[in-house]
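Student: Pasting in a structure now, in structure tokens, and then I'll have a few things to ask.
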Amino acid sequence: MPAVARPAAVLILFGVLDSLPSLRDAQASAVSRDLDVLLLARATTLRSHPGQIAFPGGRVDPGDDGAVDAALREAREETGLEPSGVEVLGSLADVPLEYSGHVVTPVLGWWRHPSPVRVVDEAESAAVFRAPVADLLDPANRGTTVIRRDGREWRGPGFVVPRADSSGDHLVWGFTGMLLDRLFDRLGWTEPWDDARELPLDVRA
């Protein structure tokens, strides 16, 4: 980590994001079938983490009024989201990322007045989509991602999200998977899952 870490923020936005609810009931009574979280797929042409699933977010710019302002601005720039429809619930503890030199503030929000979202810049994002929380919590959609390099091993939680167009699955892993895993644990929503199950991982960056 550099002496001065660069501040960044992501928006973890829950709401009833569209008309395609989960087909299953979560064990946690607070999780309805139509509760979703907003995610995006990074463009495959990006140098950093191409094709990975992420929350909207990015660096805190000098003109931003802190992490919350940065998270909402980035969400607008990346997805077309109207920030005035978001009720900010608070911020979670900062997460230092040693490999990138950033300290990321996760901002938790509720989409009180949903607005249309889309891919704004195809050079940055390949898809913007909702993920039903009940599906993310489904033990059948959970597993562990493993990176093995130079005799070392890194393990982390992963979530499989079927694509709406039936063209395959999204795999949520890395930083985004870690945040979801921690948040679900903290909220008491996590259902028992098999952390020995390894999910196939295509690591390009």
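The values are calculated or read from the model by the stated rules, or taken from the named source; none is laboratory data. None of the values given here were measured: they were computed from a predicted structure. Cβ atoms come from the backbone with ideal geometry, glycine included; neighbour counts cover every protein chain shown. In case anyone asks, the SASA skips ligands and DNA or RNA and just uses the protein heavy atoms, side chains included. Shrake-Rupley method; radii C 1.70, N 1.55, O 1.52, S 1.80 Å.
Student: Which of the residues that make up region 156-200 are small (Gly, Ala, Ser), open to solvent by 60 Å² or more (accessible area, probe 1.4 Å) and without any contact (Cβ under 8 Å) to a residue 60 or more places away in the chain?
Tutor: Hits for region 156-200 are 166, 167, 196.
Student: Within region 70-91, count every residue that is open to solvent by less than 40 Å² (accessible area, probe 1.4 Å), more than 13 Å from residue 9 (Cα to Cα) and acidic (Asp, Glu).
Tutor: Number satisfying all stated conditions: 1.
Student: Starting from region 120-139, keep only residues that are in a helix (DSSP H, G or I), then list their pairs with residues that are open to solvent by 60 Å² or more (accessible area, probe 1.4 Å) whose Cβ atoms are within a distance under 6 Å, requiring at least 6 positions of separation or different chains.
Tutor: Listed pairs, sorted by first residue: 134/33; 139/193.
Student: Pairs only if they're at least six apart or on different chains, beta carbon under 6 angstrom, first in region 72-83 and among the β-branched types (Val, Ile, Thr), second open to solvent by 30 Å² or more (accessible area, probe 1.4 Å); list them, first residue then second.
Tutor: So the pair list comes out as 79/117; 79/128.
Student: Please tell me if residue 143 is open to solvent by less than 10 Å² (accessible area, probe 1.4 Å) and out of contact with any His (no Cβ under 6 Å at 6 or more places or on another chain).
Tutor: Against the criterion (open to solvent by less than 10 Å² (accessible area, probe 1.4 Å) and out of contact with any His (no Cβ under 6 Å at 6 or more places or on another chain)), residue 143 qualifies.
Student: Here is a follow-up. Anything in region 145-168 that is assigned to a strand (DSSP E or B) and within 16 Å of the chain's Cα centre (by Cα)? List them, or say none.
Tutor: 145, 156, 157, 158, 159, 160, 161, 162
Student: Given 158, 80, 90, 109, which one is touching a Gly at 6+ places or on another chain (Cβ under 7 Å), of a type outside the set (D, E, K, R) and modelled with pLDDT of 95 or more?
Tutor: Criteria check complete, one pass: 158.
Student: For region 1-34, what are the residues that are of a type in the set (Val, Ile, Thr), open to solvent by less than 60 Å² (accessible area, probe 1.4 Å) and not in a strand (DSSP E or B)?
Tutor: Across region 1-34, the qualifying residue is only 31.
Student: Look through region 35-69, keep the residues that are open to solvent by less than 60 Å² (accessible area, probe 1.4 Å) and of a type in the set (Val, Ile, Thr), and return whichever of them is nearest to residue 138 (Cα to Cα).
Tutor: Restricting to residues being open to solvent by less than 60 Å² (accessible area, probe 1.4 Å) and of a type in the set (Val, Ile, Thr), the top hit is 37.
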